[in-house]
1. Between Asp67 and Glu197, what is the spin-label point distance in nm, taking each point 7 Å from the Cα along the Cα→C-beta axis?
2. Any chance you could list the semi-axes, whole Å, largest first, of the equivalent ellipsoid that the Cα gyration tensor gives for the range 97-177, using √(5λ)?
3. Considering all alpha-carbon pairs of the range 203-278, what whole percent are spaced by more than 18 angstrom?
4. Of Ile54, Ile44, Ile279, which has the largest mean-square fluctuation in a 10 Å C-alpha GNM of the chain?
5. Counting only the heavy atoms of the protein chains, how much of Val136 is accessible to a 1.4 Å probe, in Å² to the nearest 10?
6. Calculate one ³J(HN,Hα) per residue across the range 124-136 by plugging θ = phi - 60° into the Karplus curve 6.51 cos²θ - 1.76 cosθ + 1.60, and present them in order as whole Hz with x for glycine and proline.
7. Evaluate the range 151-236: find the radius of gyration of its Cα atoms, find its Kirkwood radius, and give the ratio Rg to Rh.
8. If DNA, RNA and ligands are ignored and the probe is 1.4 Å, what is the ranking of Met270, Met142 by accessible area, most exposed first?
Amino acid sequence: MSTTTVKTTAAAEPSPAPTAIPRAPRGRGERGLAGSLTSHAVLIVASLVALFPIAWLVFLSLGPDKDDYLHPGRIPGKMTFDNYAFVLQKTAFFDWLVSTLVVSLGTTIIGVLISATTGYAVSRMRFPGYRKFMWVLLVTQMFPVAVLMVPMYEILSELQLIDSYLGLILVYCSTAVPYCAWLLKGYFDTIPFEIDEAGRVDGLTPFGTFARLILPLAKPGLAVAAFYSFITAFGEVAFASTFMLSDTKYTFAVGLQSFVSEHDAQQNLMFATAVLVAIPVSGFFYLVQKNLVTGLTAGGTKG
């Protein structure tokens with residue numbers, strides 16, 4: 001009897017309710033659903049704003065007539081690649097391409113080499129006037145192109161470098177080197193001096209320490225300096241149009257001017273050329289993009 005009573009009482013007891021699993025606290029830096037949607041929406045809008053001018057340029061370049069940009073609604077019915085065919089076949093486009101690459105890459109190599117050695121010397125060595133030297137480099141950026149044009153022309157004329165790639169490269173280096181030297185000095189300042197001492201203990205010369213230990217850690221700075229030097233030489237017009245006299249030595253920026261006359265402008269050909277011109281820049285940016293956004297500390301810990 002007692003056994004039956006016990007079983008009945010036990011069966012009558014309700015089963016315990018399942019306990020709710022507590023939600024894990026949101027980690028630092030984690031966003032909620034609303035935050036994620038907002039950030040994605042902002043990024044999408046920013047991307048559309050950035051890509052719209054490029055897409056519009058490509059769209060206008062497909063119009064066959066020079067005045068189609070005034071009536072873009074008519075372009076979809078008569079899109080053609082004739083503008084690109086004309087630019088590639090009946091202009092000096094490939095001569096402009098060779099000239100632009102020679103000048104841009106030459107400015108990049110020479111400019112980064114001089115800037116890196118200058119920035120490293122000022123960062124590591126304490127010679128008389130090293131602070132004033134950096135300020136002198138900064139002061140050179142204050143003079144406008146119109147003021148520098150005449151003295152530079154006289155100097156290049158004396159050196160017989162007018163209408164030569166080397167002369168134009170040196171002119172562009174005078175613009176790119178001061179900025180890049182300041183930039184790279186900042187990168188070298190963040191590299192611990194103990195790395196230099198370790199290299200000397202291992203028997204490396206000062207230049208060996210710089211080339212084998214410091215430069216690999218400064219890849220992000222070198223990438224930014226290279227990109228700045230390349231863009232400076234690639235898109236400059238005033239110096240190139242003054243110091244380069246031969247049609248076959250024009251850079252892209254000067255070659256675009258050939259489509260504009262006093263009373264007429266072939267806008268359709270300019271649009272097509274502008275699209276083609278953007279390809280080398282995009283390729284160079286693709287090569288250095290990984291290091292453009294990489295921090296120096298991350299590179300040091302991985303190395």
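1. 7.6 nm
2. Taking √(5λ) for each Cα gyration eigenvalue gives 26, 17, 10 Å.
3. Here the tail beyond 18 Å accounts for 60 percent of pairs.
4. Result: Ile44 has the largest fluctuation of those listed.
5. Rounded to the nearest 10, the figure is 90 Å².
6. Result, ordered by residue: 9, 10, 10, 9, x, x, 5, 5, 5, 4, 5, 5, 4 Hz.
7. Using Cα coordinates only, the ratio equals 1.14.
8. Largest accessible area first, the residues go Met142, Met270.
The values are calculated or read from the model by the stated rules, or taken from the named source; none is laboratory data. All values derive from a computational prediction rather than experimental measurement. Cβ coordinates were reconstructed from backbone atoms using ideal geometry, including for glycine residues, and neighbour counts include every protein chain displayed. In case anyone asks, the SASA skips ligands and DNA or RNA and just uses the protein heavy atoms, side chains included. Shrake-Rupley method; radii C 1.70, N 1.55, O 1.52, S 1.80 Å.
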